[in-house]
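Peer 1: Please see the structure below; I have some questions.
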Amino acid sequence: MKKKAFITGITGQDGSYLTELLLAKGYEVHGSVRRTSSLERSRLAHLYADPEVYNQSLFLHYADLDDPTTLRRVLSRVQPSELYHLAGQSHVGLSFEIPETTCEFTAMGTLRLLEILRDLPEPPRFFHATSSEIFGRPAQSPQTEDTPIAPINPYGCAKAFATQMVRVYRESHGLFAVNGILYNHESPRRGENFVTRKICHAAAAIKLGRQRELVLGDTSALRDWGHARDYVRGMWLALDQETADDYVFATGKLHSVQQVIEAAFAAVDLDWSGYVKFDRHFLRPSEPLHLLGDATKARTRLGWSPGIPFQELIKEMTIAELNQLTRTDPKGAA
Ligand code: F7E
């Protein structure tokens with residue numbers, strides 16, 4: 001019998017990489033998709049197009065985190081042995097604009113899932129994709145699973161609530177529930193409003209003469225950036241254990257937004273300095289500080305380590321943008 005996994009957020013960056021990983025491991029993969037007018041599922045398009053995969057080992061279900069009745073019905077029917085919860089409003093800047101929506105999906109959505117699992121006769125193993133943003137501006141750097149939670153933005157607060165609830169349901173209700181505390185992780189499939197993708201896209205578009213400038217907020221901000229492909233491997237490993245626990249997934253290396261700019265423009269052989277402009281519109285009311293992860297526990301217990309270094313990641317993302325832009329309008333290439 002094939003193992004069955006269920007993924008919320010299957011159409012996102014992490015969902016699509018995780019789907020590929022699980023299909024390669026022989027799983028039957030199910031995912032929930034939101035009803036939207038745009039049908040934005042491009043990250044899974046190559047799998048839909050494959051008649052040996054779509055509706056054979058990959059299945060999609062309409063369900064959303066604010067509709068627990070449907071979620072309960074779908075999960076009762078599918079009966080997965082593993083549930084990877086990746087969905088939620090994940091943009092930190094946007095969470096200042098739409099705090100209630102952020103909490104509704106990211107915090108309450110997680111609690112609703114935990115409540116459903118608690119009632120199932122055989123609850124699946126549960127992976128919750130949480131975030132370094134739960135730490136805010138920690139006194140301790142690097143952070144571990146034991147660093148105190150002290151978020152400083154609505155997104156971090158929603159994730160903090162959900163993270164703590166996962167711990168409560170693990171300890172009080174005996175669920176096999178895991179928090180993966182994920183530091184920033186990127187790829188060519190990253191959403192366009194995150195800074196790495198925005199920069200890599202701009203470098204490629206400027207190279208091709210299709211964009212004139214790149215407008216950014218705080219370029220001195222530091223982050224611990226890894227590759228999403230490495231992080232989804234960690235998710236799977238975290239559920240493939242005897243007991244449930246929390247794990248930090250991080251590279252343990254800090255880079256600035258400015259270093260992303262330099263690496264992306266170098267990948268297309270351009271001098272960045274004439275193109276990058278500042279706009280305070282992209283500044284946030286507060287910035288986390290010292291968010292650097294210590295993944296010792298994931299390394300020693302799970303045998304996990306990040307394989308793809310920062311320079312390689314940014315180069316891969318920029319070249320992917322260049323290829324994509326050239327494919328969409330080959331004549332525009334300069
Ligand atoms: O910002 C600065 C911005 O939006 C990174 C999510 O996956 O990782 C991600 O959150 C930094 C910040 O990611 C622009 O102020 C400057 O300091 O790419 P980002 P994030 O906020 O770190 C965590 C771990 C998550 O959990 C989240 O879900 O870049 N920055 N100028 C800018 N950021 C954006 N987006 N756009 C700018 O123009």
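Peer 1: Name the shape class, rounded, prolate or oblate, that the alpha-carbon gyration tensor gives for the stretch 71-152, where a ≥ b ≥ c are the square roots of its eigenvalues, rounded holds for a/c under 1.5, and otherwise prolate holds if a/b is larger than b/c and oblate otherwise.
Peer 2: oblate
Peer 1: Dipole of the stretch 52-117, Cα-centred, from +1 at each Lys and Arg C-beta and -1 at each Asp and Glu C-beta, to the nearest 20 debye?
Peer 2: So the dipole magnitude of the stretch 52-117 works out to roughly 280 debye.
Peer 1: Could you tell me the relative contact order of the chain? Use alpha-carbon pairs under 8 Å, at least six residues apart, and round to a whole percent.
Peer 2: Once normalised by length, the contact order is 18 percent.
Peer 1: Using packing as a proxy for protection, rank 245-251, 70-76 so that the peptide with the highest average count of other Cβ atoms within 10 Å comes first.
Peer 2: Ranking the peptides 245-251, 70-76 by packing returns 245-251, 70-76.
Peer 1: My understanding is that a pair violates if its Cα-Cα distance is over 31 Å; which of Lys3/Lys198; Lys2/Lys253; Lys4/Lys297; Lys159/Lys207; Lys2/Lys198; Lys207/Lys253 do that in this structure?
Peer 2: Where the Cα-Cα span goes over 31 Å, the pairs concerned are Lys3/Lys198; Lys2/Lys253; Lys159/Lys207; Lys2/Lys198.
Peer 1: Now a separate question. So, by mean Cβ neighbours within 10 angstrom, what's the order for 284-291, 87-94, 158-165 with the highest one leading?
Peer 2: By packing density, highest mean first, the sequence is 158-165, 87-94, 284-291.
Peer 1: Taking a quarter of the surface of the convex hull around the Cα atoms of the stretch 1-116, what do you get in nm²?
Peer 2: For the Cα atoms of the stretch 1-116, the hull's average projected area reads 7.5 nm².
Peer 1: Now, a different point. Hey, what's the stretch 241-334 come to in accessible area per residue, 1.4 Å probe, Å²?
Peer 2: Heavy-atom SASA per residue in the stretch 241-334 reads 56 Å².
Peer 1: Just the number, please: percent antiparallel of the DSSP beta bridges in the chain, rounded to the nearest 5.
Peer 2: Approximately 5 percent, going by the DSSP bridge assignments.
Peer 1: Between Gln324 and Gln56, with labels modelled 7 Å along Cα→Cβ, what's the label distance in nm to one decimal, could you check?
Peer 2: The modelled label-to-label distance comes out at 2.8 nm.
Peer 1: Give the peptides 51-64, 141-154 in descending order of average Cβ contacts within 10 Å, highest first.
Peer 2: 141-154, 51-64
Peer 1: For the chain, set up a Gaussian network in which alpha carbons nearer than 10 Å are linked by springs, and say which option among His227, His201, His173 fluctuates the most.
Peer 2: His173
Peer 1: So, for the stretch 1-129, what is the accessible surface per residue at a probe of 1.4 Å, expressed in square angstrom?
Peer 2: Roughly 47 Å² per residue, with all protein chains present.
Peer 1: If you don't mind, another one. Can you give me the % of accessible surface on the chain that is carbon or sulfur? Probe 1.4 Å, all protein chains present, nothing else counted.
Peer 2: 50
The values are calculated or read from the model by the stated rules, or taken from the named source; none is laboratory data. From a predicted model like this one, the values you see are computed outputs, not experimental measurements. Note: ideal-geometry Cβ built from the backbone for every residue, glycine included; neighbour counts use all protein chains shown. What goes into the accessible areas is simple: the full protein's heavy atoms, side chains included, and nothing from ligands, DNA or RNA. Shrake-Rupley method; radii C 1.70, N 1.55, O 1.52, S 1.80 Å.
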